[in-house]
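Please read the structure below before turning to the comments.
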Amino acid sequence: MSFIRAVGVVLLCQCAWGGGGIRLKSRTIDSAQEGYRPRTFPGKYWLVQFNRPPGPELRANRPPGPELRAELARRGFRILSYLPESSLMLEVPDAPDLRDLGVSWSGPLDPGDKLSRLLTEENSGAFLVEFHPGVNPLLARSIARQHGFEVHEVDGLLPGHLLVTGNHHALKLLADHQEVSYILPAGPELLVRRRVYGCPGPITEAGPIADYALADSGWPKDAQGHVALQYMFDSVTQKLDANVARSQVERAFSEWQRYASVTFSPALQAGAAREIEILFATGAHGDSYPFTSITTLAHTFYPAPPNPEPVAGDMHFNDAETWGVGMGIDLFSVALHEAGHALGLGHSDIPTAVMYPYYSLSTGLTNDDIAAIQALYGAAGSQTASPNPPAAPTPPATPAPPTTPPATPPPTGKDTVPPTVTIVSPNYTIVSISAASLAISGTATDNVGVTAVKWTTSTGNSGTASGTSSWSATVPLLVGTNTVTIRAYDAAGNSGWRAVTVVRH
Ligand SMILES: [Zn+2]
Ligand SMILES: [Zn+2]
């Protein structure tokens with residue numbers, strides 16, 4: 001179909017379309033309600049929603065198709081990311097022209113759309129600042145420094161990402177810059193690790209889904225409220241025994257399956273609907289996302305819709321990596337994150353979550369990941385009963401477990417309650433200084449009494465703080481990252497602790 005005809009059909013359907021909103025983590029922009037008033041914006045970054053394409057098979061939420069994307073490129077627009085539903089973040093040319101493209105809404109992100117909700121709660125003092133793709137890295141750094149943030153150069157940060165420390169009250173000023181797309185908390189792991197690995201987000205044919213977007217549609221459920229997915233390995237890495245590699249990916253699937261009403265089973269034929277194809281490849285591998293750098297470990301296509309079959313849900317791993325089990329690049333940890341995308345989850349803003357934009361060594365899902373997947377599919381076993389339930393296999397007889405003696409109750413009067421420590425100064429858990437030592441102080445409480453407060457550093461120093469219920473210490477720092485742990489003890493030997501991460505230049 002020619003582009004002109006495609007546009008004509010889109011315009012005909014404009015009035016009939018009820019429309020889903022633009023899904024941001026901060027809000028949903030209801031384009032149907034707000035209507036589209038053609039106007040121009042001074043900014044360089046526009047969020048644009050396009051009408052859904054016509055035809056019953058295409059009625060579901062889909063990214064703008066190849067003809068529309070080609071026309072946008074011809075008019076000088078650059079597609080930066082996809083957002084549900086049917087929306088794109090565009091970098092606009094000097095004289096942007098969106099006429100006759102079936103636009104149902106366009107406008108800039110508000111500063112409030114760029115601030116993770118988590119930033120209103122507890123702040124560690126370290127933040128991940130994301131800039132729109134293509135923003136000059138020097139400009140990004142100067143914007144952050146202009147508002148008093150310190151920029152930490154960490155190997156492996158995704159393009160456009162800055163790791164900064166500073167006062168969270170100044171984040172609003174950062175969000176006022178049009179070049180900034182999103183700001184979320186950063187955990188100490190990002191500062192401590194020698195090299196980090198990030199995920200560009202679940203991908204669609206029109207681009208990755210940005211971290212400020214809310215990706216929460218997932219796969220449509222069957223009549224019983226369940227989602228049954230199949231998977232097939234097109235190839236596995238040579239870096240591991242093939243059975244080991246497969247079992248690590250399957251372990252990731254079963255971890256999600258444990259908590260949500262989804263099942264994964266091996267596929268009998270390639271190319272079926274709701275089938276996750278898994279491949280290990282280097283460089284170009286048949287989609288528009290070649291593995292051009294070793295820092296991209298993997299990518300995964302979001303479910304259908306918005307992606308078409310058969311690519312929806314497919315997981316691609318970069319075979320240039322040193323895949324390992326519990327060492328090197330841990331295949332289970334990466335597969336666990338990518339399987340979350342294959343199920344329809346976007347990125348979490350919680351630094352410890354499996355679905356945070358940066359991978360960490362995982363042994364399983366966190367509460368945040370479990371809540372997210374259960375919000376999509378319900379808890380495992382929660383689907384309505386099938387009218388014709390399959391015959392349950394008879395479980396094999398299992399020997400009765402050996403009886404264990406009951407645990408000895410603690411002798412009465414023994415104190416088992418650990419003290420509680422609070423670090424009052426510094427008031428962030430991640431700080432950056434140039435001094436050779438850190439003055440640290442705080443309080444400690446206990447049901448009986450605090451007998452000692454001691455400190456240790458990850459660089460090998462230790463000592464005792466002066467005071468107990470109110471304590472202070474001066475801790476020596478080495479250049480680089482120091483984790484300072486404060487531990488309070490009671491007379492029974494119970495202890496409680498708090499830690500602060502200090503980066504010294
Ligand atoms: Zn990801
Ligand atoms: Zn790929």
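The values are calculated or read from the model by the stated rules, or taken from the named source; none is laboratory data. Keep in mind it's a predicted model, so treat the numbers as computed, not measured. As a convention, Cβ positions derive from the backbone with ideal geometry for all residues, glycine included, and neighbour counts pool all protein chains shown. These accessible areas exclude ligands, DNA and RNA; they are computed on the full protein's heavy atoms, side chains included. Shrake-Rupley method; radii C 1.70, N 1.55, O 1.52, S 1.80 Å.
Worth pointing out:
- Qualifying residue in the stretch 289-306 (condition: touching an Asp or Glu at 6+ places or on another chain (Cβ under 7 Å), within 16 Å of ligand 2 (Cβ to nearest atom) and open to solvent by 20 Å² or more (accessible area, probe 1.4 Å)): yes
- When restricted to residues that are more than 12 Å from ligand 1 (Cβ to nearest atom) and of a type in the set (A, V, I, L, M, F, W, C), the stretch 311-342 contains 10.
- Scan the stretch 348-380 for residues that are surrounded by 17 or more Cβ atoms within 10 Å (Cβ to Cβ), of a type in the set (A, V, I, L, M, F, W, C) and within 16 Å of ligand 1 (Cβ to nearest atom) and the total you get is 8.
- Qualifying positions in the stretch 45-83 - part of a loop (DSSP other than H, G, I, E, B) and at pLDDT 65 or above: Asn51, Pro63, Pro64, Gly65, Arg75, Gly76, Phe77
- Evaluating Ser382 against the criteria (1) modelled with pLDDT of 90 or more; (2) touching a helix residue (DSSP H, G or I) at 6+ places or on another chain (Cβ under 9 Å) leaves one unmet condition, (1).
- The listed residues are His337, His341, and the only one of them that is outside any loop (DSSP other than H, G, I, E, B), more than 11 Å from ligand 2 (Cβ to nearest atom) and farther than 17 Å from Ser247 by Cα turns out to be His341.
- Of the strands (runs of 3 or more DSSP E) contained entirely in the stretch 415-505, those carrying at least 3 residues that are buried (at least 20 other Cβ atoms within 10 Å of the Cβ) fall at 430-433, 437-445, 450-457, 470-476, 480-490, 495-504.
- Pairing each residue of the stretch 193-214 that is within 20 Å of Glu67 (Cα to Cα) with any residue that is open to solvent by 10 Å² or more (accessible area, probe 1.4 Å) and acidic (Asp, Glu), provided the two are 6+ apart or on different chains, yields C-beta distances under 9 Å for Ile203/Asp287; Glu205/Asp287.
- Contacts under 7 angstrom Cβ, first residue in the stretch 125-151 being in contact (Cβ under 8 Å) with a residue 40 or more places away in the chain, partner outside any strand (DSSP E or B) and open to solvent by 60 Å² or more (accessible area, probe 1.4 Å), 6 or more apart: Gly125/Thr429; Pro133/Pro159
- The single condition among (1) buried (at least 19 other Cβ atoms within 10 Å of the Cβ); (2) away from ligand 2 (no atom under 16 Å from the Cβ) that Ala267 does not meet is (1).
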